[in-house]
1. Scan Ile237, Ile221, Ile247 and give me the residue that is at pLDDT below 90 and under 25 Å from Leu282 (Cβ atoms).
2. Scanning for something within 25 Å of the chain's Cα centre (by Cα), more than 15 Å from the ligand (Cβ to nearest atom) and assigned to a loop (DSSP other than H, G, I, E, B), does region 96-108 turn up at least one residue?
3. Can you say whether Glu90 is away from the ligand (no atom under 16 Å from the Cβ), farther than 29 Å from Ile120 by Cα and of a type outside the set (Phe, Trp, Tyr), as far as the supplied structure shows?
4. Looking for whichever is without any contact (Cβ under 8 Å) to a residue 40 or more places away in the chain, closer than 22 Å to Gln220 by Cα and loosely packed, with under 13 Cβ neighbours inside 10 Å here; the options are Lys277, Lys255, Lys235, Lys250. Which one fits?
5. Given the structure, is Lys69 open to solvent by 20 Å² or more (accessible area, probe 1.4 Å), among the basic types (Lys, Arg) and within 14 Å of the ligand (Cβ to nearest atom)?
6. Quick check on region 24-40. Is at least one of its residues within 12 Å of the ligand (Cβ to nearest atom) and outside any strand (DSSP E or B)?
7. Between a first residue in region 42-63 that is farther than 18 Å from Phe140 by Cβ and assigned by TED's automatic domain parsing to the domain that holds Val110 and a second residue that is open to solvent by 20 Å² or more (accessible area, probe 1.4 Å) and more than 8 Å from the ligand (Cβ to nearest atom), which pairs have beta carbons less than 6 Å apart while being 6 or more apart in sequence or on different chains?
8. Please determine, by comparing only the residues of region 9-23 that are touching a strand residue (DSSP E or B) at 6+ places or on another chain (Cβ under 8 Å) and open to solvent by less than 40 Å² (accessible area, probe 1.4 Å), which one is farthest from the ligand (Cβ to nearest atom).
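The values are calculated or read from the model by the stated rules, or taken from the named source; none is laboratory data. This is a predicted model, so every value here is computed, not measured. Cβ placement follows ideal geometry from the backbone for every residue including glycine, while neighbour counts extend to all protein chains displayed. Please note that ligands, DNA and RNA were not included when accessible areas were found on the heavy atoms of the full protein model with its side chains. Shrake-Rupley method; radii C 1.70, N 1.55, O 1.52, S 1.80 Å.
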Amino acid sequence: MIYPWLTEFKQPIETAYGINKLHHGILLGGQAGVGKAQFAQDIAQSILCNASSNQLQTCGQCKSCQLQKAGTHPDKLVIGQDNKTISVDEIRKVAQFVQSSAGQNANKVVIIHNAELMTIAAQNALLKTLEEPNAHRYLFLVSNEPMRLSATIRSRCLCYNLVINQPEQVTNWLANSSLIAQPWHILFAHQPLLLLNWHEQGDLNQLDSLYSSIECLHAQIDLKLVDEILKQNPKHINVFCIFLFAIIKKYLLNKKIMFNTYQECMKLLAHFENSRKTILGLNVTLATNRLIFSLQAQLNN
Ligand SMILES: [Zn+2]
């Protein structure tokens, strides 16, 4: 199933496939949580389905579809799912894979998730495969940060930037899930799968608490609770920063602060984010407390 907000991107791919002109290298870029990985999987499944003719559909019944369900399709290679650096050896396996013959319907598909994690050597190795395409071989590169890929790789691919052009499709889709809407969800309206993922992992209540505890940033906030949540779930620090950015922006839009105060706050936040990424073993509790106090000093200045 392709998410409703991404069906418009399937159409040109399907049309090209229907007339046997689908590009052999397709780069799917876009924000985390927009649905790129699922999109690539769906297109791959259709390309491999034995019942698929010139339309990209899956029957779910044929041997190929069954093999895919079992995760053992010999004509499909998926790499990069573990979020680790992708080595040149892995890309050499991709080259061997596309050169060998297909077992099912003549097509073979490779999906490279987190493609920006390819090393320079890996990217150079992939170039050779992209520059000497084999018929009926399709490579899908999936990336949150496609600009980190070399310009040459990008120029050899047909690039799609998967974005949500019709936000109401997301709103409807979320309304049909069991997720209870909260005001801060709007911050992730363009990354709906992040919300769903947090929901499924039981993180959503904690994020609700995190937002509530810092919503009145200029007044008193529950620092102890913030500390507890971030200690339990350090990966939420990113979300914590997004919350702070949004809350401070709201102060500016509601004319509660002047633009220069806003700028000072943004500097503090940028400094916090930068230290977090660059200082190993940073005492997050201390840094978070310091950030909050500095922001409050600015806001109440
Ligand atoms: Zn099938």
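1. Ile221
2. Applying the first criterion (within 25 Å of the chain's Cα centre (by Cα)) to region 96-108 yields 108.
Next, only the ones that are more than 15 Å from the ligand (Cβ to nearest atom) stay: 108.
Okay, now just the ones that are also assigned to a loop (DSSP other than H, G, I, E, B), so none.
No, region 96-108 has no match at all.
3. Values: away from the ligand (no atom under 16 Å from the Cβ): yes; farther than 29 Å from Ile120 by Cα: no; of a type outside the set (Phe, Trp, Tyr): yes.
It is false that Glu90 is away from the ligand (no atom under 16 Å from the Cβ), farther than 29 Å from Ile120 by Cα and of a type outside the set (Phe, Trp, Tyr).
4. Lys255
5. Yes; evaluated as a whole, the condition is true for this residue.
6. No, there is no match, as no residue in region 24-40 is within 12 Å of the ligand (Cβ to nearest atom) and outside any strand (DSSP E or B).
7. That search, which allows pairs on different chains as well, returns Asn50/Asn105; Asn54/Gly18.
8. Taking region 9-23 first, the residues touching a strand residue (DSSP E or B) at 6+ places or on another chain (Cβ under 8 Å) are 9, 13, 22-23.
Filter again for open to solvent by less than 40 Å² (accessible area, probe 1.4 Å), leaving 9, 13, 22.
Details: Phe9: 22, Ile13: 18, Leu22: 18 Å.
If we take residues in region 9-23 being touching a strand residue (DSSP E or B) at 6+ places or on another chain (Cβ under 8 Å) and open to solvent by less than 40 Å² (accessible area, probe 1.4 Å), then Phe9 is farthest from the ligand (Cβ to nearest atom).
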